[in-house]
Amino acid sequence: MVNVEDDHCWSVGGIEALEDCFRTFAQRAKHVLAWDSGATRRLFADHPSAQFVGEEALPQDLPMPGRHNRIDAALALAVACRLGVSLVDGLTALATFPGVDRRLSVRYRSHSGETVLVEDYAHHPTELHAAIAALREGYPDHHLHVVFQPHRFERVLRFGAQFSEELTKADRVIVYRPFAAWQEDAELADPAQIAHGIQDTPSRYATEPLGELANEVAQCAHGQPTVVAVIGAGDIHGLVEPLRGQLADCEMAGLLAQASELPCPASRHASWGQLTTLGIGSARPLLLEPRNEAELQAARAFAHARELPLTPLGRGSNLVGTDDVSPHLALRLAGDFARWEAIGDEARVGAGVPLGRLARELAADGRCPEALLALAWIPATMGGATRMNAGAEGTDMAALVARVRGIRLVDGHSVTRAATEIQWGYRETDLSDLLITGVWLDLPPVGDAPGQQERLAEFARRRDARQPRGRSAGCVFRNPPGDAAGRLLDSCGCKGMRVGGAEISQEHANIFTAAPGTREADFLELIRQARGCVRQQTGIRLVLEVRPLGPWSD
């Protein structure tokens, strides 16, 4: 037992009737564990096996702030120990407890940590007190901006003055129109009085659409370390996503302003959907386009200093873009990195050069390596294809590359590695820590240019015949040892499966297409369903070949 206060008592006939419910409930139990307080002692002290848990039992190492969370944890631990769980195991479980949704749930945190968006379900004065106290404890150096929605006009009537008192402890407050739940009882009380009763704290009463409110709150959060707390049990939940988007957009605008001082071009014009072959992702990353190694080093240092994720794009052919607005940097190599030159019997190829373009230009001179003729129609750049050891027609990049140059993402050190020093695997290499800048190929002697061009065209016809129409990220899953992912998906009846605008191709079961406007969540759900079908029917767990850029648990 934790909370035996006056709440919902109007449903049972008053506070005395509510306490009788608690007392009756406890009498029917063999054991009662309750937090030690005057109310619990009064109600449960006569129970023959009542155990009261007190201050000495409060655990300190919890992943979330707040005395109320420590009280709940102490009671949970007492129950677990009563049921035979060891104290050590119980404390370990508490230390890894992720919390409960809409209870001090962090919905957004800027990479600098200066802006945090928290959602909490509190709709009783004691809950509101606990939430605000926990936020002050967890973010002692932040300005606290609370948007509070009363739940039911009945609570406005009963607790209005208490709500005002608790909200005074914030630095800025917006009281939003109440959520009436299943009964429209607006004549009971004036909710604006909650805002009017807040002393010495800027506050106002709001009724405007949540989208407009999100814009105001986001602007107020700009310029100083701020926690924005959206508190309430009703439809105020609808403020979280637009506000999260506004806060992230403000942060990205600030990052773009900082990036304008970099020597390389920086922009936010394109969405992930526009930057990838799959066409999914409404969020717009900060796109950096370095043209030489000095600019690339500057871009890497910019991301590293801000602890921002940095995604090399290539041609975006194996990426699942995201609708998530969390700040993200995309890197597209340009300038020197998009050029190549023949030097004797070698070609030095910038990592941003597309495979197809390189193959066509080399074939026109009769100097295209055989492996490149087969790989040319993979929609990738030289750097991306090398990093993941892309393959087709029975060959892969390991058969083509002579050596690689790049910079280590962790420290910016330049590295050159011969092909024999690289661990080449199926659709993977040990180059994951390297941002490839250039690749060297051994060139054959000048040969039959028309013949090479015809072979290049033949490989294109064969690939075109196998590839489904529509936007895709290529093969979704890697082939498991001794089998093909496409065959497994086909045999399990996955062809034609759909979730929203995402569909498994009827021509190739390992290629999922996305119609215009397909949501990231739908595409990822289709991946989960297809993988689940294969796992259930064959016991094989398929491994992703595509890379989701948003939140994803593999």
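If you go through the stretch 105-120, how many residues are open to solvent by 30 Å² or more (accessible area, probe 1.4 Å), under 17 Å from Pro140 (Cα atoms) and of a type outside the set (Asp, Glu)?
3
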Please identify the pairs in which a residue from the stretch 501-519 that is on the phi < 0 side of the Ramachandran plot and in contact (Cβ under 8 Å) with a residue 40 or more places away in the chain has its Cβ atom under 9 Å from the Cβ atom of a residue that is basic (Lys, Arg) and in a strand (DSSP E or B), counting only partners at least 6 apart or on another chain. Thr513/Arg471; Ala514/Arg471; Ala515/Arg471; Pro516/Arg471; Thr518/Arg471
Residues (closer than 23 Å to Ala485 by Cα and free of Cβ contacts under 8 Å to residues at least 60 places away in the same chain) located in the stretch 414-429: Trp424, Gly425, Tyr426, Glu428, Thr429
Could you tell me how many of the residues in the stretch 529-552 are farther than 18 Å from Gly281 by Cα and outside any loop (DSSP other than H, G, I, E, B)? 11
Considering only the stretch 446-462, I want to know if a residue exists there that is free of Cβ contacts under 8 Å to residues at least 40 places away in the same chain, open to solvent by 60 Å² or more (accessible area, probe 1.4 Å), closer than 23 Å to Leu362 by Cα and touching a strand residue (DSSP E or B) at 6+ places or on another chain (Cβ under 6 Å). no
Of the conditions (1) farther than 23 Å from Ala342 by Cα; (2) out of contact with any helix residue (DSSP H, G or I) (no Cβ under 9 Å at 6 or more places or on another chain), Gly384 fails just one. Which one is it? (1)
Reported set for the stretch 64-99 where residues are surrounded by 12 or more Cβ atoms within 10 Å (Cβ to Cβ) and under 30 Å from Met252 (Cβ atoms) is Met64, Pro65, Gly99
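Determine, yes or no, whether Arg357 is without any contact (Cβ under 8 Å) to a residue 40 or more places away in the chain and under 22 Å from the mean Cα position of the chain (by Cα).
no
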Quick one: Cys492 ticks every box in (1) open to solvent by less than 40 Å² (accessible area, probe 1.4 Å); (2) among the hydrophobic types (A, V, I, L, M, F, W, C); (3) over 27 Å from the mean Cα position of the chain (by Cα); (4) under 30 Å from Ile343 (Cα atoms) bar one, so which box is it? (4)
Picked from the stretch 223-239 (must be open to solvent by 30 Å² or more (accessible area, probe 1.4 Å) and touching a residue at least 40 places away in the same chain (Cβ under 8 Å)), the residue farthest from Ala170 (Cα to Cα) is Asp235
Answer residue from the stretch 344-366, given it is surrounded by fewer than 16 Cβ atoms within 10 Å (Cβ to Cβ) and among the small types (Gly, Ala, Ser) and is nearest to Trp377 (Cα to Cα) among those: Ala364
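Let's see how each residue does on (1) in contact (Cβ under 8 Å) with a residue 24 or more places away in the chain; (2) farther than 16 Å from Arg427 by Cβ; (3) outside any loop (DSSP other than H, G, I, E, B):
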site: Pro468; (1), (2), (3): yes, yes, no
site: Gly474; (1), (2), (3): yes, no, yes
site: Asn479; (1), (2), (3): yes, no, no
site: Asp483; (1), (2), (3): yes, no, no
site: Asp490; (1), (2), (3): no, yes, yes
Yes/no for Asp430 being touching a helix residue (DSSP H, G or I) at 6+ places or on another chain (Cβ under 7 Å) and charged (D, E, K, R): no
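Could you check how many residues of the stretch 406-416 are open to solvent by 40 Å² or more (accessible area, probe 1.4 Å), touching an Asp or Glu at 6+ places or on another chain (Cβ under 9 Å) and not polar (S, T, N, Q)?
Matching residues across the stretch 406-416 total 3.
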Hydrophobic (A, V, I, L, M, F, W, C) and surrounded by 21 or more Cβ atoms within 10 Å (Cβ to Cβ) - does that describe any residue in the stretch 177-191? no
Can you spot a residue in the stretch 197-205 that is closer than 30 Å to Ser11 by Cβ and free of Cβ contacts under 8 Å to residues at least 12 places away in the same chain? no
Qualifying residues in the stretch 23-61 (those that are open to solvent by less than 40 Å² (accessible area, probe 1.4 Å) and β-branched (Val, Ile, Thr)) - the one farthest from Arg82 (Cα to Cα): Thr40
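The values are calculated or read from the model by the stated rules, or taken from the named source; none is laboratory data. Since we're looking at a predicted model, the values are computed, not measured. Every residue, glycine among them, receives a Cβ derived from its backbone with ideal geometry; neighbour counts consider all protein chains shown. Accessible surface is based on the protein model in full, side chains and every heavy atom, while ligands, DNA and RNA are left aside. Shrake-Rupley method; radii C 1.70, N 1.55, O 1.52, S 1.80 Å.
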